[in-house]
Structure formats: structure tokens, C-alpha cells
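The next block holds one structure in the form of C-alpha cells; read it before the comments.
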Amino acid sequence: MNAHKKFRVLIAEDQVLVREMIQGIVEEIGYTVAGKASDGCQAVEMTQLLRPDVVLMDIQMPDMDGLEAARRIQEHCPTPVIVLTAYETPELVERASAAGVGAYLIKPPNAREMERAILIATARFADMMDLDAYARTVAHDIKSPLGMVVGASEWLVANSDSIAKEELNKYLTLI
């Protein structure tokens, strides 16, 4: 087994032979297969239920494609997602990124590529979670001062006809 974390991987692939091949590679690099989904809807449900460390997701699947499944996973149960595709285009990379995908692999992947993609996707995911937490902290920290400015501004608008110059200066200074 590798010296780094032993990841629990959810495999989402509709073709049985490809799914089994991916499982073999996942196990070869020392990771655990947490579950196997055969379509996008199942992948979303299994991610919420099993809480894998990473999802390997085929793009083209029945019912819900891999990019929509990845988007829903990020929305409901944020998890690093790696898409598997037979094609690599700039448009695909852009769509995958917009869906919250952390990396992609060209089929058929080899063990080295898969291990690297898992490490990259999980590192990017951790960075995004840190950035999100930082953004939430900043938003919280500026909410109180902005509330004071908004409150004072609203008071000035509501009372603009009857405010004495001294009172007006006090509120403008506060703002």
C-alpha cells in the first residue's frame, strides 16, 4: 500500500467491463472500492450514503450524465470527482470545471494516471473547501459593519425631511 492516505473510491460507470477494469486499477494502487454505480442518479445517491473520499465518474451514462451527477454531488454532498472520458476537448474541460470536477482521465486510464488524478482532485477539493470557509468567514466579518451602514442610510432616507444638520453630520460620519 502507498504511504499516503488509503482512499475510498466510488466508481460510477455504466459499462460493466469498464467498471471492473477501473476497480482492478483502484485496487492495484492500494485504494478501496466503496461502491459501484451504473448511472448518474445512483452515483449521487451512493455518494450521499457511502461518503467516499473520491468519485471516479464516467461522463456518458444513462438517465443522468456524469457532469450533471458531479454538479449535484457538489451541491448536496461535496466530494472530489474525477471524470472518465474517451474524448478530451476544451469545451469538455470547461463544462467539467463548471460542474465542480477536480480532474479528468482519458479512457482507458493506467494506474499511475489514476493515482495522480486522485491526488490532484483531492488536493484541489481541499483547497476549494478552505477557500469556501475563508470566504464565509470574510462574509460574516463584513456583515456587521455593512448592517450598520445600511441601517444608518435607511434611517437618513426615512427621516431626510426632518433631520437637523448636526444629526445629519453624525449619521454621515458613522456611515
* To do: Kindly establish whether Leu17 is open to solvent by 30 Å² or more (accessible area, probe 1.4 Å) and of a type outside the set (Val, Ile, Thr).
  => yes
* To do: Determine, yes or no, whether Ile73 is under 20 Å from Val93 (Cβ atoms), in contact with a strand residue (DSSP E or B) (Cβ under 7 Å, 6 or more places away or on another chain) and at pLDDT below 95.
  => no
* To do: State all residues of the stretch 85-113 that are of a type in the set (Gly, Ala, Ser) and either surrounded by 14 or more Cβ atoms within 10 Å (Cβ to Cβ) or under 22 Å from Tyr31 (Cβ atoms) (or both); if no residue qualifies, say none.
  => Ala96, Ala99, Gly100, Gly102, Ala103, Ala111
* Positions within the stretch 26-48 being part of a helix (DSSP H, G or I), closer than 17 Å to Pro80 by Cβ and either in contact (Cβ under 8 Å) with a residue 60 or more places away in the chain or open to solvent by 10 Å² or more (accessible area, probe 1.4 Å) (or both), in sequence order -> Val26, Val44, Met46, Gln48
* Asked: Here are Thr122, Thr79: which of them is within 30 Å of Glu28 (Cα to Cα), in a loop (DSSP other than H, G, I, E, B), among the polar types (S, T, N, Q) and at pLDDT 90 or above?
  -> Thr79
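The values are calculated or read from the model by the stated rules, or taken from the named source; none is laboratory data. All values derive from a computational prediction rather than experimental measurement. All Cβ positions, even for glycine, are placed from backbone atoms using ideal geometry, and neighbour counts span all protein chains on display. The area values use the complete protein model at the heavy-atom level, side chains included, leaving out ligands, DNA and RNA. Shrake-Rupley method; radii C 1.70, N 1.55, O 1.52, S 1.80 Å.
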